[in-house]
Amino acid sequence: MIPDKALYWGDNDAHEFWESEDHELLILRNHEESFWTAHRNCGYLFGCRTEAEAAERLNVVLSPTQRWVRRNGKFILEATSHA
């Protein structure tokens, strides 16, 4: 779909997710669920068994270089020690 676009990991206490910096693409799962869903521009695309499967189908990279963290009620990207 979007070759080599990076998605970064985050957790909002209800969902574990991978999201692009521009918020276009999102892969998420509810903590209580075992399956993941992929979304583009807030619209549902498909369900899958793993985040890696979703990334492969979207043709994106799950990057460990940054992560989404909550600061003052908003999620921002923060560099990780994996960079």
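Just so you know, all these numbers are worked out from the coordinates, no wet-lab data involved. Being a predicted model, the structure only gives us computed values, none of them experimental. All Cβ positions, glycine included, derive from the backbone under ideal geometry; neighbour counts span all protein chains shown.
Within region 47-69, the only residue that satisfies the criterion of being loosely packed, with under 13 Cβ neighbours inside 10 Å and more than 15 Å from Lys5 (Cα to Cα) is Arg49. Of the numbered criteria (1) exposed (fewer than 12 other Cβ atoms within 10 Å of the Cβ); (2) in contact with a helix residue (DSSP H, G or I) (Cβ under 7 Å, 6 or more places away or on another chain); (3) not small (Gly, Ala, Ser), the one Trp18 fails is (1).
For region 1-60, the set of residues classified as hydroxyl-bearing (Ser, Thr, Tyr) and in contact with a strand residue (DSSP E or B) (Cβ under 8 Å, 6 or more places away or on another chain) consists of Tyr8, Ser20, Thr37, Tyr44, Thr50, listed by residue number. Please verify whether region 35-46 includes one or more residues that are in contact with a Gly (Cβ under 7 Å, 6 or more places away or on another chain) and under 15 Å from Pro64 (Cβ atoms). For region 35-46, residues in contact with a Gly (Cβ under 7 Å, 6 or more places away or on another chain) and under 15 Å from Pro64 (Cβ atoms): absent.
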